[in-house]
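Every number here is computed from the coordinates shown, using simple stated rules; none is lab data. Note that the coordinates shown come from a computational prediction; the quantities given were computed from them, not determined experimentally.
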Amino acid sequence: MKTSMFESIKEALNKKSTGGFGEMLRTEIDNTYEVKILANCAEPAKTFFHYYMHGWNSFATGEYVSILSPTTFNERDPISEDRFKTLKMGSEEEKEKVKTVRRAEKWLVNVLVIKDPTNPENEGKVKILRYGKQLQKILLDAIEGDDAEEFGEKVFDFAANNAVLKIKVDRNGDFANYTSSRFTTGTKFEMEDEQEQQRVLSELHDLEAVYDPKTYDEVKAFYNTHFYTAEDKPATKNENKQVETEPSFSDEDNEKLVAELGGGGALDTTDETVPDEEASLTGDDEIDELLAGID
C-alpha cells in the first residue's frame, strides 16, 4: 500500500533529529549556496524555530560556552536578570565583565541543499540552516514583504518556477556578510514527483530537538559556574546573613525585562557578521535604552 505524503510527514515529525549540530549547513566566506526552504506541512507553525542564545568565554575554563536563553519560550532568564541588575547597579568593573556575555537572536529552518560548493556531498540532502537577522529580513521580504508578489508561496513550492534561496557569503574585513543573498526563480529546479517529495519531507529534522532547553535553576547554575569565580560569586542569605549583594528585582521589573527580551527588544544582537554564527557574538550596548526605561 502506497504511503501518503501526509503519513510521511507525520512519521518525520515523530522522529527525533538524528544529527543535531552535525546536520547544520556550514557556509564559508566567498562562496554561494543554493537551498530550497522546506515547510512543515503538518504543523506549519514549526517550520521555523526562533530562539535566543547567550554566549561568552568562560571565566572558569577560558573556553567559549553558550546556552539557550529561556526567553526563547517567554520564560524568566537568570542571565538576563543578572546582566540587568549589574548594568544598573554594579561597579564599573562588574559592568565591564557582564558586557562580555552576549545574547544573539537566531532561527532554524529545514532546507533541501541544491548547491554546496564547499561540501558537494550535501547536495540533495535535507540540512538545517541556522541564520540571523540578515537572512531573516530577506526571508520576510520574500514571504510577506516587498518581494512577496514575486515570490510569496513560491518560497515553499516544489513546482516549476519555485523560489530558491541563494546564500551569498561575502567578505567584510575578517567577517562574513549575507546581505547580498536573494531568492531567485532562475534556478532550474523542480520536484513534481510525489515520491521524491515524500522522501524529502520524511527527512525533515526536529528543529525543537536541536537544543536542550534548561530550567531556570539549571541556567543559573551554568552561569554561576562559567561566569562567577569563587571570589566574586554573589553571596546568598544562607552563606552570609550579613551580606546582601543582589539588588531588589521586582515582579514589575521582570515583566518589563521579559517583554523586551522575548519580543526582540533592546538586548538583541546580530552576529551574522562572523563566519561561525554561534561562536562569536557581537555587542549589545543598546541595553542602555532598556535600563533607561526601567527606573
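Please list the non-local residues whose amide H lies under 5 Å from the amide H of T100, H modeled 1.01 Å from N, same-chain partners needing a gap of 5 or more. Amide H neighbours of T100, under 5 Å, 5+ apart: none. Hydrodynamic radius of the range 133-189 by the Kirkwood approach over all distinct alpha-carbon pairs: 11.9 Å.
For the listed residue pairs K106/K220; K36/K97; K99/K137; K99/K214; K97/K168; K99/K166, the alpha carbons are over 31 angstrom apart in K36/K97; K97/K168; K99/K166. Semi-axes of the equivalent ellipsoid of the range 17-169 are 35, 18, 15 Å, computed as sqrt(5λ) over the eigenvalues of the C-alpha gyration tensor in descending order.
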